[in-house]
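K.L.:
This is the structure I want to talk about, given as C-alpha coordinates.
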Amino acid sequence: MTWIHDFIALIYPRICVCCGNSLWKHEKLICTSCNFRLPLTGYHLDPDNPVSRVFYGRVPVEMAASYLLFNKGGRVQRLIHHLKYKGRKDIGIWLGEEYGKLLAASPHFSGIHLIIPVPLHKRRLMQRGYNQSDQFAAGLSKSLNVPVANRLLVRTRESSTQTRKGRYDRWKNVEDLFLLLQPELLAGAHVLLVDDVVTTGATLEACIAALRRAPGVRVSVATIAAARL
Ligand SMILES: [Zn+2]
(Lines give C-alpha, C1' and ligand atoms only; values in the text may rest on other atoms or scores of the structure.)
Protein backbone atom coordinates (compact mmCIF):
# COMPACT_ATOMS: atom_id res chain seq x y z
CA MET A 1 0.00 0.00 0.00
CA THR A 2 3.00 2.31 -0.18
CA TRP A 3 1.61 3.92 -3.35
CA ILE A 4 -1.13 5.46 -1.21
CA HIS A 5 1.51 6.96 1.04
CA ASP A 6 3.42 8.28 -1.96
CA PHE A 7 0.25 9.64 -3.51
CA ILE A 8 -0.75 11.47 -0.32
CA ALA A 9 2.80 12.79 0.05
CA LEU A 10 2.51 14.22 -3.47
CA ILE A 11 -0.58 16.24 -2.58
CA TYR A 12 0.43 17.09 0.98
CA PRO A 13 4.21 17.10 1.13
CA ARG A 14 5.22 16.21 4.64
CA ILE A 15 7.68 18.77 5.90
CA CYS A 16 9.67 19.12 9.10
CA VAL A 17 7.86 21.51 11.45
CA CYS A 18 11.20 22.87 12.65
CA CYS A 19 13.21 23.48 9.47
CA GLY A 20 10.75 23.05 6.56
CA ASN A 21 12.76 20.30 4.81
CA SER A 22 10.85 17.34 3.35
CA LEU A 23 10.49 14.37 5.64
CA TRP A 24 11.55 10.85 4.75
CA LYS A 25 8.99 8.10 5.16
CA HIS A 26 10.48 6.91 8.44
CA GLU A 27 10.48 10.43 9.93
CA LYS A 28 7.35 11.47 11.82
CA LEU A 29 6.99 15.19 12.61
CA ILE A 30 10.47 16.57 12.50
CA CYS A 31 13.54 15.50 10.58
CA THR A 32 16.30 13.41 12.11
CA SER A 33 18.67 16.34 12.09
CA CYS A 34 16.26 18.62 14.02
CA ASN A 35 15.38 15.78 16.39
CA PHE A 36 19.05 15.31 17.14
CA ARG A 37 19.41 19.03 17.87
CA LEU A 38 16.41 19.45 20.20
CA PRO A 39 17.68 21.21 23.35
CA LEU A 40 16.85 18.63 26.05
CA THR A 41 17.08 19.97 29.60
CA GLY A 42 17.81 16.79 31.57
CA TYR A 43 15.88 18.43 34.44
CA HIS A 44 13.88 15.26 35.14
CA LEU A 45 17.02 13.75 36.69
CA ASP A 46 17.82 16.76 38.92
CA PRO A 47 15.37 17.73 41.70
CA ASP A 48 17.18 21.06 42.18
CA ASN A 49 16.73 22.30 38.60
CA PRO A 50 15.73 25.82 37.37
CA VAL A 51 12.05 24.82 36.93
CA SER A 52 11.65 23.36 40.43
CA ARG A 53 13.41 26.46 41.79
CA VAL A 54 10.67 28.65 40.24
CA PHE A 55 8.31 27.31 42.93
CA TYR A 56 10.64 27.61 45.92
CA GLY A 57 9.00 29.70 48.62
CA ARG A 58 5.73 29.90 46.64
CA VAL A 59 3.93 26.54 46.64
CA PRO A 60 5.07 23.04 47.61
CA VAL A 61 6.00 20.91 44.59
CA GLU A 62 7.29 17.35 44.73
CA MET A 63 9.24 17.55 41.48
CA ALA A 64 9.18 19.85 38.46
CA ALA A 65 10.85 19.56 35.07
CA SER A 66 10.59 20.62 31.44
CA TYR A 67 11.44 18.54 28.40
CA LEU A 68 13.03 21.26 26.26
CA LEU A 69 14.60 24.71 26.48
CA PHE A 70 12.54 27.42 24.81
CA ASN A 71 14.55 29.70 22.54
CA LYS A 72 12.95 32.57 20.68
CA GLY A 73 13.02 31.85 16.96
CA GLY A 74 14.33 28.34 17.56
CA ARG A 75 13.08 24.84 16.88
CA VAL A 76 11.14 24.57 20.13
CA GLN A 77 9.26 27.81 19.51
CA ARG A 78 8.24 26.52 16.07
CA LEU A 79 7.04 23.22 17.57
CA ILE A 80 4.94 25.04 20.19
CA HIS A 81 3.62 27.50 17.60
CA HIS A 82 2.38 24.70 15.34
CA LEU A 83 0.89 22.89 18.31
CA LYS A 84 -1.00 25.95 19.55
CA TYR A 85 -1.97 27.85 16.42
CA LYS A 86 -1.72 25.51 13.41
CA GLY A 87 -3.95 22.68 14.54
CA ARG A 88 -1.04 20.28 14.97
CA LYS A 89 -2.37 18.27 17.91
CA ASP A 90 -0.10 15.41 16.86
CA ILE A 91 2.94 17.45 17.95
CA GLY A 92 1.63 17.63 21.53
CA ILE A 93 0.94 13.91 21.65
CA TRP A 94 4.35 13.06 20.22
CA LEU A 95 6.18 15.36 22.67
CA GLY A 96 4.19 13.82 25.53
CA GLU A 97 5.06 10.29 24.43
CA GLU A 98 8.74 11.12 24.08
CA TYR A 99 8.95 12.94 27.41
CA GLY A 100 6.89 10.24 29.12
CA LYS A 101 9.56 7.68 28.19
CA LEU A 102 12.18 9.78 29.96
CA LEU A 103 9.97 10.44 32.99
CA ALA A 104 9.11 6.74 33.30
CA ALA A 105 12.83 6.05 33.71
CA SER A 106 13.34 8.84 36.29
CA PRO A 107 13.16 7.94 40.00
CA HIS A 108 11.81 11.45 40.67
CA PHE A 109 8.56 10.93 38.74
CA SER A 110 7.46 7.60 40.18
CA GLY A 111 4.15 6.96 41.93
CA ILE A 112 2.03 9.42 39.94
CA HIS A 113 -1.70 8.62 40.08
CA LEU A 114 -3.20 11.16 37.71
CA ILE A 115 -2.20 13.68 35.01
CA ILE A 116 -3.99 17.04 35.01
CA PRO A 117 -3.43 19.50 32.15
CA VAL A 118 -3.61 23.26 32.80
CA PRO A 119 -7.09 24.08 31.46
CA LEU A 120 -7.95 26.73 28.90
CA HIS A 121 -10.87 29.05 29.43
CA LYS A 122 -14.06 27.76 27.76
CA ARG A 123 -14.04 30.58 25.20
CA ARG A 124 -10.39 29.95 24.23
CA LEU A 125 -11.11 26.23 23.96
CA MET A 126 -14.00 26.95 21.58
CA GLN A 127 -11.77 29.18 19.42
CA ARG A 128 -8.85 26.75 19.21
CA GLY A 129 -10.91 23.57 19.23
CA TYR A 130 -8.53 21.81 21.60
CA ASN A 131 -6.25 22.42 24.56
CA GLN A 132 -2.58 21.98 23.64
CA SER A 133 -1.85 20.79 27.20
CA ASP A 134 -4.50 18.05 26.82
CA GLN A 135 -2.54 16.73 23.84
CA PHE A 136 0.74 16.73 25.76
CA ALA A 137 -1.07 15.01 28.67
CA ALA A 138 -2.47 12.33 26.32
CA GLY A 139 1.05 11.48 25.11
CA LEU A 140 2.44 11.40 28.65
CA SER A 141 -0.48 9.20 29.70
CA LYS A 142 0.39 6.65 27.03
CA SER A 143 4.06 6.39 28.01
CA LEU A 144 3.55 6.61 31.78
CA ASN A 145 0.43 4.43 31.79
CA VAL A 146 -1.32 6.95 34.07
CA PRO A 147 -4.84 8.31 33.38
CA VAL A 148 -5.63 11.95 32.51
CA ALA A 149 -8.31 13.94 34.36
CA ASN A 150 -9.10 17.08 32.39
CA ARG A 151 -12.46 18.04 33.86
CA LEU A 152 -11.64 18.42 37.55
CA LEU A 153 -9.63 21.62 37.26
CA VAL A 154 -11.43 24.48 35.49
CA ARG A 155 -10.36 27.96 34.46
CA THR A 156 -12.87 30.51 35.72
CA ARG A 157 -11.77 33.44 33.54
CA GLU A 158 -9.12 34.40 31.03
CA SER A 159 -5.94 35.92 32.41
CA SER A 160 -4.69 39.22 31.05
CA THR A 161 -1.22 39.35 29.57
CA GLN A 162 1.53 38.75 32.10
CA THR A 163 4.32 40.76 30.58
CA ARG A 164 5.72 43.82 32.34
CA LYS A 165 4.12 42.98 35.64
CA GLY A 166 5.76 42.52 38.98
CA ARG A 167 5.52 39.27 40.91
CA TYR A 168 2.71 40.54 43.17
CA ASP A 169 0.65 41.89 40.24
CA ARG A 170 1.13 38.62 38.38
CA TRP A 171 -0.16 36.75 41.39
CA LYS A 172 -3.19 39.07 41.78
CA ASN A 173 -3.89 38.45 38.11
CA VAL A 174 -4.10 34.67 38.47
CA GLU A 175 -5.46 34.37 42.01
CA ASP A 176 -8.75 32.40 41.88
CA LEU A 177 -8.18 31.81 38.18
CA PHE A 178 -8.70 28.07 38.66
CA LEU A 179 -11.26 26.05 40.54
CA LEU A 180 -10.95 22.42 41.61
CA LEU A 181 -14.24 20.51 41.32
CA GLN A 182 -14.78 17.58 43.68
CA PRO A 183 -11.52 18.05 45.63
CA GLU A 184 -12.29 14.90 47.65
CA LEU A 185 -11.54 12.82 44.53
CA LEU A 186 -7.90 13.88 44.71
CA ALA A 187 -7.43 13.29 48.43
CA GLY A 188 -3.96 11.81 49.03
CA ALA A 189 -3.21 11.60 45.31
CA HIS A 190 0.08 12.42 43.57
CA VAL A 191 -0.90 14.60 40.60
CA LEU A 192 1.26 15.47 37.60
CA LEU A 193 0.26 18.95 36.47
CA VAL A 194 1.24 19.63 32.84
CA ASP A 195 1.48 22.72 30.64
CA ASP A 196 3.13 23.84 27.40
CA VAL A 197 5.69 26.47 28.48
CA VAL A 198 6.74 27.59 31.95
CA THR A 199 7.84 31.22 32.11
CA THR A 200 7.04 33.05 35.36
CA GLY A 201 5.33 29.99 36.85
CA ALA A 202 2.37 32.17 37.92
CA THR A 203 -0.25 30.11 36.05
CA LEU A 204 1.09 26.80 37.37
CA GLU A 205 1.30 28.31 40.87
CA ALA A 206 -2.38 29.27 40.67
CA CYS A 207 -3.30 25.74 39.51
CA ILE A 208 -1.33 24.21 42.37
CA ALA A 209 -3.07 26.53 44.85
CA ALA A 210 -6.43 25.27 43.54
CA LEU A 211 -5.31 21.60 43.57
CA ARG A 212 -4.24 21.96 47.20
CA ARG A 213 -7.90 22.17 48.19
CA ALA A 214 -7.73 18.37 47.99
CA PRO A 215 -6.56 17.05 51.37
CA GLY A 216 -3.10 15.50 51.33
CA VAL A 217 -2.58 16.04 47.60
CA ARG A 218 0.98 16.11 46.25
CA VAL A 219 1.76 17.89 42.98
CA SER A 220 4.59 17.46 40.48
CA VAL A 221 4.94 19.54 37.32
CA ALA A 222 6.01 18.70 33.76
CA THR A 223 6.01 21.12 30.84
CA ILE A 224 7.01 20.81 27.20
CA ALA A 225 9.42 23.70 27.44
CA ALA A 226 11.01 26.14 29.86
CA ALA A 227 11.80 29.73 28.98
CA ARG A 228 15.19 30.96 30.22
CA LEU A 229 14.64 31.13 33.98
ZN1 LIG B 1 14.13 19.65 10.43
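K.L.:
What are the pairs, 6+ residues apart or on separate chains, where a residue within the stretch 64-75 that is over 14 Å from V198 (Cα atoms) has its Cβ under 7 Å from a residue that is hydrophobic (A, V, I, L, M, F, W, C) and surrounded by fewer than 24 Cβ atoms within 10 Å (Cβ to Cβ)?
P.N.:
Cβ pairs passing all conditions: R75/C18; R75/C34; R75/L38.
K.L.:
Related question: Just need a number here: residues in the stretch 106-146 that are more than 14 Å from the chain's Cα centre (by Cα) and aromatic (F, W, Y).
P.N.:
Adding up the residues that qualify gives 1.
K.L.:
Is it true that C34 is surrounded by 14 or more Cβ atoms within 10 Å (Cβ to Cβ) and part of a loop (DSSP other than H, G, I, E, B)? Don't jump to the end; show me each part of the working.
P.N.:
Details: surrounded by 14 or more Cβ atoms within 10 Å (Cβ to Cβ): yes; part of a loop (DSSP other than H, G, I, E, B): no.
No; evaluated as a whole, the condition is false for this residue.
K.L.:
For L29, all conditions in the list (1) open to solvent by less than 20 Å² (accessible area, probe 1.4 Å); (2) touching a strand residue (DSSP E or B) at 6+ places or on another chain (Cβ under 8 Å) hold save one; what is the number of the exception?
P.N.:
L29 satisfies all of (1) open to solvent by less than 20 Å² (accessible area, probe 1.4 Å); (2) touching a strand residue (DSSP E or B) at 6+ places or on another chain (Cβ under 8 Å) except (2).
K.L.:
Taking G73 as the residue in question, decide whether it is over 26 Å from L45 (Cα atoms), part of a loop (DSSP other than H, G, I, E, B) and in contact with a helix residue (DSSP H, G or I) (Cβ under 9 Å, 6 or more places away or on another chain). Reasoning before the result, please.
P.N.:
Working: over 26 Å from L45 (Cα atoms): yes; part of a loop (DSSP other than H, G, I, E, B): yes; in contact with a helix residue (DSSP H, G or I) (Cβ under 9 Å, 6 or more places away or on another chain): no.
So G73 does not fit the description; no.
K.L.:
Filter the stretch 22-37 for residues that are near the ligand (Cβ under 10 Å from one of its atoms) and free of Cβ contacts under 8 Å to residues at least 40 places away in the same chain and give the result.
P.N.:
Once the filter is applied, which keeps residues that are near the ligand (Cβ under 10 Å from one of its atoms) and free of Cβ contacts under 8 Å to residues at least 40 places away in the same chain, the stretch 22-37 yields S22, L23, E27, C31, T32, S33, N35, F36, R37.
K.L.:
Going through the stretch 173-205 one residue at a time, which ones are at positive phi and open to solvent by less than 10 Å² (accessible area, probe 1.4 Å)? Give the steps one after another, and end with the answer.
P.N.:
The initial filter retains those residues of the stretch 173-205 that are at positive phi, namely 176, 182, 188, 201.
Residue satisfying the conditions is G201 alone.
K.L.:
Considering only the stretch 177-219, how many residues are touching a helix residue (DSSP H, G or I) at 6+ places or on another chain (Cβ under 6 Å), farther than 15 Å from A64 by Cα and in a loop (DSSP other than H, G, I, E, B)?
P.N.:
Number of matching residues: 4.
K.L.:
Hey, among Y67, Y99, which residue is open to solvent by less than 70 Å² (accessible area, probe 1.4 Å) and in a strand (DSSP E or B)?
P.N.:
Y67
K.L.:
Please go through the stretch 114-136 and pick out each residue that is part of a loop (DSSP other than H, G, I, E, B), under 20 Å from L179 (Cα atoms) and open to solvent by 50 Å² or more (accessible area, probe 1.4 Å).
P.N.:
none
K.L.:
Could you tell me whether the stretch 137-146 includes any residue that is in a loop (DSSP other than H, G, I, E, B) and open to solvent by 30 Å² or more (accessible area, probe 1.4 Å)? Don't jump to the end; show me each part of the working.
P.N.:
Here is the first cut: in the stretch 137-146, the ones in a loop (DSSP other than H, G, I, E, B) are 145-146.
Now narrow it down to the ones that are open to solvent by 30 Å² or more (accessible area, probe 1.4 Å): 145.
Yes, the stretch 137-146 has at least one match.
The values are calculated or read from the model by the stated rules, or taken from the named source; none is laboratory data. What you are looking at is a predicted structure, and each value in this text was computed from that prediction instead of being measured. Positions of Cβ are generated from backbone atoms using ideal geometry, with glycine treated the same way; all protein chains shown enter the neighbour counts. Note: accessible area is taken over every heavy atom of the protein model, side chains too, but ligands, DNA and RNA are not part of it. Shrake-Rupley method; radii C 1.70, N 1.55, O 1.52, S 1.80 Å.
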